[in-house]
Amino acid sequence: MIQLHELKFEPFISEEKINIAIENMAIKINQDYYDKTPVFLVVLNGAFMVASEIIKLFKGDCEVAFVKLESYKGTETTGKVETLVGLNLSLENRHVVIIEDIVDTGITLEAINKILKKENVADQKIATLFFKPNAYQKNFSINYIGMEIPNDFIVGYGLDYNGLGRNLSEVYKLKKENMTNLVLFGPPGAGKGTQANFLKEKYKLVHISTGDVFRYNIKNETALGVHAKSFMDQGQLVPDKVTIEMLGAEVDKNPDANGFIFDGFPRTVAQAEALADLLKEKKTGVSAMIALEVDDEVLVERLLERGKTSGRKDDADEAIIRNRIHIYYEETAILKQFYLKEDKYYGVDGVGSISDITERISKVIDSL
Ligand code: AMP
């Protein structure tokens with residue numbers, strides 16, 4: 001899986017398949033135009049890569065010309081075609097082979113047709129690497145087709161999403177389920193917060209740390225904060241009802257999120273079930289639970305160290321730290337089973353340098 005801007009794309013057509021399609025097109029074009037000195041009219045930007053290959057495989061004489069047209073903004077066609085760069089040579093009496101990367105609605109072809117009508121060409125044919133028969137709305141026949149594809153938004157091999165992705169040597173399609181919702185799991189001190197800070201930047205996710213939200217409320221002396229404080233100071237869990245409501249409110253604050261990193265939530269089965277319901281309402285779900293695995297003694301050491309500067313009462317006292325770890329194993333570790341059953345559990349070694357651990361987690365996310 002790859003990410004371009006805020007969207008995710010999955011591998012779709014391999015480089016090998018693309019090369020075979022292009023070779024087949026080139027064989028036919030060679031047969032038809034070998035002795036006609038055609039003009040290859042390349043439709044920029046997307047067609048530059050396929051054009052380069054077809055033209056290299058052409059064995060006769062030829063010329064090359066370009067037009068630059070644009071009809072897409074983001075992943076939708078606007079229905080209007082703008083000519084950004086026009087023709088720079090006369091095509092009168094020439095045999096023209098239009099090279100396109102993709103033909104979908106056909107409105108770009110229509111615009112090119114209009115341009116060529118004024119040129120009095122001898123004849124014209126259309127070659128396209130990809131053709132979407134289900135999207136095509138025009139009647140011009142398309143003479144050379146590399147391959148037909150379903151009506152998905154694709155990138156790579158010259159095609160872009162808002163400028164990115166043209167350099168990819170294989171083709172990717174837009175992932176339908178576009179939210180990535182990660183449950184970052186592990187005992188207190190496992191490094192969830194630290195990792196979340198890197199991952200939210202890398203994958204453009206919203207990070208919700210229930211501990212941080214509670215601490216923020218305690219600092220601002222809200223009703224929620226007053227309620228949570230007594231539990232937190234002892235290293236106990238805040239009651240489910242309060243926690244679930246608070247989490248729901250945090251999710252609702254980010255209606256356009258690309259996905260969430262839940263850090264410190266869920267900690268009970270009731271919370272896990274509530275999370276599943278909440279995400280279901282948004283037509284999505286938990287993508288993975290990523291569990292950082294760290295030895296207890298390392299945890300105690302890390303938390304005592306953090307307690308020297310964090311100002312957190314629950315980090316300053318070894319007995320409270322051990323209680324939090326104990327609660328994790330008593331009440332929270334059972335969630336491993338919950339996500340294992342759904343085939344969403346991924347254990348990651350949480351000992352090592354911060355960047356090594358980020359890399360281990362990234363590998364899991366990229367495989368989703
Ligand atoms: P953390 O910063 O994740 O270590 O959380 C600190 C404390 O906040 C915990 O020991 C609990 O008292 C409380 N807390 C955080 N998340 C939850 C949760 N999902 N359910 C109940 N209590 C929580």
Pull out a ≥ b ≥ c, the square roots of the eigenvalues of the alpha-carbon gyration tensor of the range 67-145, then state rounded if a/c is under 1.5, prolate if not and a/b is larger than b/c, and oblate in the remaining case. oblate
Using +1 at the C-beta of Lys and Arg and -1 at the C-beta of Asp and Glu, which of Val251, Ala288, Ile55 has the Cα lying farthest in the positive direction of the dipole of the chain? Ile55
By how many degrees, between 0 and 90 and to the nearest 10, does the Cα long axis of helix 354-366 differ from the longest principal axis of the chain? 60
5 Å is the cut-off here: which amide hydrogens, built 1.01 Å from N in the peptide plane, fall below it relative to Gln124, excluding neighbours closer than 5 in sequence? Val96
In whole Hz and in residue order, list the ³J(HN,Hα) couplings for the range 41-55 that follow from phi through the Karplus curve 6.51 cos²θ - 1.76 cosθ + 1.60, θ = phi - 60°; x for Gly and Pro. 9, 8, 8, 7, 8, x, 7, 4, 6, 5, 4, 4, 5, 4, 5
All alpha-carbon distances of the range 182-367, grouped into 5 Å bins from 0, give the whole-percent distribution 1, 8, 17, 21, 22, 18, 10, 3, 0
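Evaluate E = 1/(1 + (r/R0)^6) for Phe153 and Gln234, where r is the Cβ-Cβ distance and R0 equals 56 Å; express this FRET efficiency to the nearest 0.05.
For R0 = 56 Å, the calculated efficiency reads 0.60.
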Qualifying GluC sites (Glu not before Pro) for the range 279-368 [loop in DSSP, other Cβ within 10 Å: at most 14]: Glu342
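Rounded, prolate or oblate for the range 9-139? Axes are the square roots of the Cα gyration tensor eigenvalues, ordered a ≥ b ≥ c, and the cut-off for rounded is a/c under 1.5. The partial results should precede the final answer.
Values: a/c = 1.86, a/b = 1.11, b/c = 1.68.
Oblate, since a/c reaches 1.5 and b/c is not below a/b.
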In whole Hz and in residue order, list the ³J(HN,Hα) couplings for the range 154-167 that follow from phi through the Karplus curve 6.51 cos²θ - 1.76 cosθ + 1.60, θ = phi - 60°; x for Gly and Pro. 10, 9, x, 6, x, 8, 10, 10, 6, x, 9, x, 5, 7
Percentage relative contact order, the range 182-367, counting C-alpha pairs under 8 Å, at least six apart: 32
The ³J(HN,Hα) series, computed from each phi in the range 217-229 with the Karplus coefficients 6.51, -1.76 and 1.60 at θ = phi - 60°, rounded to the nearest Hz and given as x for glycine or proline, is 5, 5, 4, 8, 6, 6, 4, 4, x, 4, 5, 6, 4
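Quick check on the range 55-212: take the gyration tensor over C-alpha atoms, sort the square-rooted eigenvalues as a ≥ b ≥ c, and tell me if it's rounded (a/c under 1.5), prolate or oblate. Let's see the in-between values first.
Details: a/c = 3.13, a/b = 2.92, b/c = 1.07.
Prolate.
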Hey, what angle do you get for helix 318-327 against the long axis of the chain, alpha-carbon based, 0 to 90 degrees rounded to 10? 60
Interchain or long-range residues, amide H under 5 Å from Gly186's placed H: Leu292
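Sequence gap at least 6, Cα distance under 8 Å: using those rules, report the relative contact order of the chain to the nearest whole percent.
Details: 630 pairs, mean separation 55.6, N = 368.
Worked out over the chain, it gives 15 percent.
Rounded to a whole number of µm²/s, how large is the Stokes-Einstein D of the chain at 4 °C and 1.567 mPa s, given Rh as the Kirkwood radius over C-alpha pairs?
On the way: Rh = 24.2 Å.
For these conditions, the coefficient is 53 µm²/s.
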If amide hydrogens are placed 1.01 Å from N in the peptide plane, which non-local residues have theirs closer than 5 Å to the one on Val103? Phe130, Phe131, Lys132
In degrees from 0 to 90, rounded to the nearest 10, what is the angle of the helix 107-117 Cα long axis to the longest principal axis of the chain? 20
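Every read-out reported here was derived from the displayed coordinates using simple, explicitly stated rules and does not represent laboratory data. Worth saying up front: this structure is predicted, and the values here are computed from it rather than measured. Because the Cβ atoms are built from the backbone with ideal geometry, glycine has one as well, and the counts that use them run over all protein chains shown.
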